[in-house]
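Laboratory data are not the source of any read-out in this text; all were calculated from the coordinates shown. Fair warning: this is a prediction, and the values are worked out from it, not measured in the lab. Here Cβ is always computed from backbone atoms with ideal geometry, including for glycine, and neighbour counts include all displayed protein chains.
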């Protein structure tokens, strides 16, 4: 457990409800008679044979330490937190440093000669992608601009740690936003599936290639209301406790995973002789649960090749600096006017560098809701010539907000969406979705619109999921900018509350230049750069994923952790 993670970092913690369903199996030796486990002089656990109270011989067997990995954690039906309580060895800054040092040996990793075939061990290529929220958190913590943070990170990863590639997650985010909006348009009936492109009997549903004869695959289209799936804490919660929500989850990958897939493919393509398994991709994220997301088997082309090899949080970047005795403020900075050139030199040749570091309109959790409503509005403009505006309706707390897309001419509601952050609101959402079937969605929407026409606009959000086209759901109160992996307020910041500090980080985030997402340009780029003629079938590998219910606790299996135990 990292020293920088404490109970105070947890938001909306939900304690363990059931034991881990994956028991730790201890393989006993073949020794007959009584045995006991002892710790030898080297600190290793050993099984020692005994006979009554007398030890017969000093014969002992070294035991293999029990391990819990991220896959085991994903299979658990017990503890759930919104700010990620478990750090596992293969997903940490210490593991990153270990891999760097083991790979570097005594040879400069950035030397192209490292990959020569006559070397006994091939060198890895190291790449890092950095989230916008982490950049903002570092800027607020060190009281410098985001541009200064970016310049220092380039020096840190390239010149000090020896990374060959560094990109922002903006490109992965734009791809995720584009296909998420297409998904909502098709699910809500605003876009005909056939208009998304039909080729060789395959319908391209956004990212999803659906064979018309494959009913099982066709059923993977999410149902209205579509719920965002970029937050892995929220996804774990649904898979473990509320399987009735799974059909509503967006099938589009998060920016982290899209960036990982894209980055590895392009790096391998421009480095002949290098395969994706030799590319070590590190993702810097505001959230500990991103470690769980990166460890999903769905996000690997095979057991050994993952889209993201290691996730470190913003806090762990600071801990890495401390462990390596590096003063962040002393790291040299590329002049601002040369920063784009620096980024270009550290990105794959075909990578849209400027967009990689740009943000998007909407929430600091990625702007999903904003882009979905914008896409619906643009669709209405093109097909019906309507002008529209967005009406914001606050809920009972700041983490529950409803958005209505209004036809300016008639005043009717074209679409509804909601922002639901924090488990207090999430639990209300899933409870209402479970009982929503008692009144059909269409009937509820008609009644609601009639009420709005008679009594005017609603003044308080009511959270009626059946009315929504889309819901942006995030486990942490305040969203990703307040993720559990973000840096807390330093003593010298002068802030008196968590809310005040969050606002400072949010303000830093808003200084990142934002650009509008051009859906058609993004899709053209994906088709051309990612897929290409020889790999056209793999677009779904880049963008699509799926979710499944986690089996409940088996009372016939002896658990490794008993109910109520803390770990």
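A few notes on this one:
- Spin-label pair residue 159/residue 397, simplified geometry with 7 Å Cα→Cβ offset, distance in nm: 4.6 nm
- Extension gain for residue 431-residue 498 works out to 21.2 nm (0.36 nm per residue, less the C-alpha to C-alpha distance).
- Packing rank of 465-474, 492-501, where each peptide gets the mean count of other beta carbons within 10 Å, highest leading: 465-474, 492-501
- Remark: spin-label model distance residue 98-residue 549 equals 3.8 nm, labels positioned 7 Å along the Cα→Cβ axis.
- The listed peptides 350-356, 399-405, 482-488, ordered by packing as a protection proxy, come out as 482-488, 399-405, 350-356 (highest mean of other Cβ atoms within 10 Å first).
- FRET efficiency for residue 527 and residue 321, using Cβ-Cβ distance with R0 set to 51 Å, rounded to 0.05: 0.80
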